[in-house]
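First up is the structure itself, then whatever we jot down about it.
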Amino acid sequence: MAANNRRMSGKKGAQVGSGGNRRRGLEGKGPTPPAEMRKGHVKNRIANAKAKKAAGRRPAPKRGGKSSSEMVVGRNPVFEALRDGVPASTLYVQQFIDNDERVREALQLAAERGGIHLMEAPRPELDRMTNGLNHQGLVLQVPPYEYAHPEDLVAAAFDEGQDPLIVALDGVTDPRNLGAVVRSVSAFGGHGVVVPERRAAGMTAGAWKTSAGTAARTPVARATNLTRALEQYKKAGVAVVGLAADGEHEVGDLEALGGPVVIVVGSEGKGLSRLVSETCDFRVRIPMPGGAESLNAGVAAGVVLYEASRRRS
């Protein structure tokens, strides 16, 4: 019997199974979930933002950073900035200034607007503040502009149940052109403007003035890298349309302008940069039978925005 036990103990016992884990590991994971359900995807973030809004908890908006504060100097420029609604925090007035009509008008506008501090300062102090510019006794401090984030523009459009209509500027360095584009975007129901962080015009007092007050209700977003921002828009289902003199499509023939779209406008001299041009889904041209070689950024953006607005109406 002992011998039998020894033989029995030498036999190989039952193997412990994997519990089906190996078989399940070989099985597929099923179809790829839609973009709205993929964590980290732009559409997933937009869907989450909508859900939080529906629950009454609005997420904190992203920010594209702030510009530096700015000084507007001189009696006429200060008066015009106050008259045109340029944001201001402080109006510095030189001690013992000649109280002419323009000075009185500037002081009256500042008082009527409210929220603007009036500070009296000696001339040497104003000279120091303005680095010796001819301030004529009046200096207006413009607070830093708070830029939106490029994704905020798309999210805001979707929140309103609308297709995004955005203008991006590539290499536009004149603040007056930026202000004109902001004005056109506002006029044709657009959702904002995107500018690069570097080598581009920002929201200065000049841009505010040219926008004729529309900058107060039309957000400007700043992108660290414009090409990457455009790629994110494409992933969110927004068509990227670039303006180019040699574009393959005429602006009046492009059906994509009737849907979610970002219109990219280059500089008047160089046009679109190479990387931005390659990122565009479509490149369109504006027919100009009069023979002009190009239009400035503000006019070009207005033409295409009108066509986009016409298709949406």
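Near the amide H of Ala168, under 5 Å away, which other amide H atoms are found, from residues 5 or more places off or on another chain, if H is placed in the peptide plane?
Answer set, sorted by chain and number: Val194, Ile263, Val264, Val265.
How many percent of the accessible area of the range 127-203 is carbon or sulfur, using a 1.4 Å probe? Intermediate values should be presented prior to the final figure.
Details: 1320 of 3110 Å².
Carbon-and-sulfur percentage of accessible area, whole number: 43.
First measure r as the distance between the Cβ atoms of Ser309 and Asn131, then evaluate 1/(1 + (r/R0)^6) with R0 = 41 Å and state the FRET efficiency to the nearest 0.05. Working shown, then result.
Numbers: r = 44 Å, r/R0 = 1.07.
That pair, Ser309 with Asn131, gives E of 0.40.
For the range 64-161, with the dipole built from +1 on Lys and Arg beta-carbon atoms and -1 on Asp and Glu ones, taken about the Cα centre, which of Gly161, Val139, Gln94 lies farthest toward the positive end?
Gln94
Working out 0.36 nm times the residue gap between Asn225 and Asp281, then minus their Cα-Cα distance, what length gain in nm do you get to one decimal? If you can, show how the numbers build up before the last one.
Numbers: separation 56, 0.36 × 56 = 20.16 nm, distance 1.79 nm.
Once the chain is fully extended between Asn225 and Asp281, it gains 18.4 nm.
Would you mind calculating the gained length between Arg83 and Phe96 on full extension (0.36 nm times residue separation, minus the Cα-Cα distance), in nm to one decimal? Provide the component values of the computation, followed by the final result.
Values: separation 13, 0.36 × 13 = 4.68 nm, distance 2.39 nm.
This chain segment gains 2.3 nm when fully extended.
With viscosity set to 0.692 mPa s and temperature to 37 °C, compute the Stokes-Einstein D of the range 152-280, Rh being the Kirkwood radius across alpha carbon pairs; µm²/s, no decimals. Don't jump to the answer; show the numbers that get you there.
Values: Rh = 14.7 Å.
The estimated diffusion coefficient comes to 224 µm²/s.
Run the paramagnetic zone check for Ser294: 7 angstrom along Cα to Cβ, then residues of the range 154-178 with backbone nitrogen under 13 Å.
So the set is 170-174.
For the range 146-228, report the accessible area per residue in Å² (1.4 Å probe, heavy atoms, rounded to an integer). Working shown, then result.
Numbers: 3190 Å² over 83 residues.
Normalised by residue count, the accessible surface of the range 146-228 is 38 Å².
Can you give me the % of accessible surface on the range 230-313 that is carbon or sulfur? Probe 1.4 Å, all protein chains present, nothing else counted. Please report the intermediate quantities before stating the final value.
On the way: 2010 of 4130 Å².
Solvent-exposed carbon and sulfur of the range 230-313 make up 49 percent of the total.
Mean shadow of the range 215-286, computed from the convex hull of its alpha carbons, in nm²?
One quarter of the hull surface, i.e. the mean projection, equals 5.6 nm².
Can you tell me which of 82-95, 101-114, 206-219 comes out highest on packing, and rank the rest after it, using the mean Cβ neighbours within 10 Å? Walk me through the intermediate numbers first.
On the way: 82-95: 18.3, 101-114: 14.6, 206-219: 19.9.
Answer by packing, highest mean first, reads 206-219, 82-95, 101-114.
The values are calculated or read from the model by the stated rules, or taken from the named source; none is laboratory data. Nothing here was measured: the structure is a model prediction, and the numbers come from that model. As a convention, Cβ positions derive from the backbone with ideal geometry for all residues, glycine included, and neighbour counts pool all protein chains shown. Side chains included, ligands, DNA and RNA excluded: accessible areas come from the protein's heavy atoms. Shrake-Rupley method; radii C 1.70, N 1.55, O 1.52, S 1.80 Å.
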